[in-house]
Structure formats: C-alpha cells, structure tokens
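Heads up: the structure comes next, in structure tokens.
The values are calculated or read from the model by the stated rules, or taken from the named source; none is laboratory data. Note that the structure is predicted; figures quoted are calculated from it, not measured. Note that each Cβ is placed from the backbone with ideal geometry, even for glycine, and that neighbours are counted across all protein chains shown. The accessibility values were calculated without ligands, DNA or RNA, using every heavy atom of the protein model including side chains. Shrake-Rupley method; radii C 1.70, N 1.55, O 1.52, S 1.80 Å.
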Amino acid sequence: MNDQMLEAMFGKFGKVFQPNEVLFCEYEPGNDFYLIKEGKVKITKTIGTSIKTLDVLEAGDILGEMAILEEQPRSATAIAVTEVKALNFNRANFEMLMTKNPALAMKLLHIFSFRIYDQKRRLMILLMDDIIGKVCDVFIMLYEKQYNNDVYNEIILSATVDDIANWCAQPVGEVQKVLMQYVKTGKLDLYPDKIVIHNISDFQRIVNQKRKPT
C-alpha cells in the first residue's frame, strides 16, 4: 500500500492515539482492526501473574485483525508507544473495501495469514516452561523464517541478544547467560548483530524435550 493511498484513506478511516493511550485491551470484545500509518504500538499479554511484551509494531503493520477473522475477544492489549496515526477498519467498511479494492483486499489477507501464524508461533515460545526452552525455540522460529527448514547444519540468524530476549519476554541479562553457556560449549558463536549456530538440530532436540505435549 503506497503512501498516497494511505493518505487518501486516512481522511476517512484515520485515528490518532497519544503515547501510552490504549488502542484496545486483552479479553474485551472487538470488531475492528488497525493499520499503522505512523508511530509505534506495543502489544502486551497477561502470562500467569505478569504482563509480557509480545511485540512492538511500526508503520505498515496490522493489529487487532483476529477480531475480524475469528469474532473472538482480544487476545492481547495494544498501547501506543509514540503518537500513532492508524487506519481503523471495522467489519462493515472492511467488507466494502474488499468489494471496491480487491487488490488491496488481497494484500491485507496475505498480511493476515502471516500475522496469524506469527502470533501463534510466538505464543508457543511464551508457553515454554523455562528460559532455556524459550531461547532454543526462538532459534527454531528464526530458522523456520530465514531458511524454511532447508538447511540442517550451520546457520546464521540475523538477531541480537535484545531481539532474543524480546521474543522470549525474558530479561536481557538472563538470556545473555543462556547464550554464553552455549558459546562455551561450542554450540554457537555470538556477535553484536548475528548468531551463528553450528547445528540447529541440537536446539530442535532441546525444544522437543521441553515442550509439553498438547
């Protein structure tokens, strides 16, 4: 979706949120979704007795689409980090959009399918019992995205320690300890902007052992 199209649609569907303003809350009913035009939005979820940050979304990202697709309560809370300008679609105007602009509709549906998989995959990580399992499962998630399960030995993940900690929803210092242990045992090499894993199968085995059967 180009900038000109976004600007034209903002006059009709646009909303502005101030920093720390809540776009929607976990568990509340929802019948609309947002496409971020400008700004950043933090997605949080209640896990046990604590609130974890699942993601920080930026311009071009979509949030709240599950309300349209599944007609279920919100699965997470969305909070503006900066001033946010977003297009707001509900079921009625989305159906009109589908009819009048099929190319845009197909683009949105493609984004939806990717986002649904991404959210469910991240939830699998958060449901792991311990930090080692979470870290290893982040490796597997990134491997699936970058390599499509086509490479089985040494791989290079474009991620930092902060990235891994964010996906795990764990303190950076604790994640750093786990990573350094794997560095010491020769299973990976850690760099400021990447992680080199010598055999991804080692981490797949750990995930298989630690994940609870469903």
Q: For region 152-214, run through the chymotrypsin sites (Phe, Trp or Tyr not before Pro) and keep only the ones in DSSP coil with at most 15 other Cβ atoms within 10 Å of their Cβ.
A: TYR152
Q: At 1.4 Å probe size, with every protein chain present, just tell me what the per residue accessible area of region 3-100 comes to in Å².
A: 53
Q | Within straight-line cross-link reach of LYS107, lysines at Cα separation under 25 Å, skipping those fewer than 8 residues along the same chain | A | LYS12, LYS15, LYS37, LYS40, LYS42, LYS85, LYS120, LYS145
Q: Let me know the shape class of region 133-214, please: from the alpha-carbon gyration tensor, a ≥ b ≥ c as square roots of the eigenvalues, rounded when a/c is under 1.5, otherwise prolate if a/b is greater than b/c, or oblate.
A: rounded
Q.
Using the Cα centre of the chain as the reference point, and only Cβ charges (+1 on K/R, -1 on D/E), how large is the resulting charge dipole? Debye, rounded to the nearest 20.
A. 340
**Q.** By average C-beta atoms within 10 angstrom, highest first, the peptides 137-143, 190-196
**A.** 137-143, 190-196
Q) Among PHE33, PHE10, what's the order by accessible area (1.4 angstrom probe), most exposed first? A) PHE10, PHE33
Q.
Considering the Cα positions of the chain, please state its Rg to one decimal place and its Dmax as a whole number of Å.
A. 19.1, 58
Q.
I'd like the Karplus ³J(HN,Hα) series for region 43-53: coefficients 6.51, -1.76, 1.60, θ = phi - 60°, whole numbers in Hz, and an x wherever there's a Gly or Pro.
A. 9, 10, 9, 7, 10, x, 9, 10, 10, 10, 7
Q) Which residues make up the longest stretch of the chain clear of GluC sites (Glu not before Pro) that lie in a DSSP loop with no more than 14 other Cβ atoms within 10 Å, not counting the sites? A) 84-153
Q) Hey, what number do you get for the chain at 222 nm if only DSSP H runs of n ≥ 4 count, each worth -39500 (n - 2.57), divided across all residues, to the nearest 500? A) -14500 deg cm²/dmol
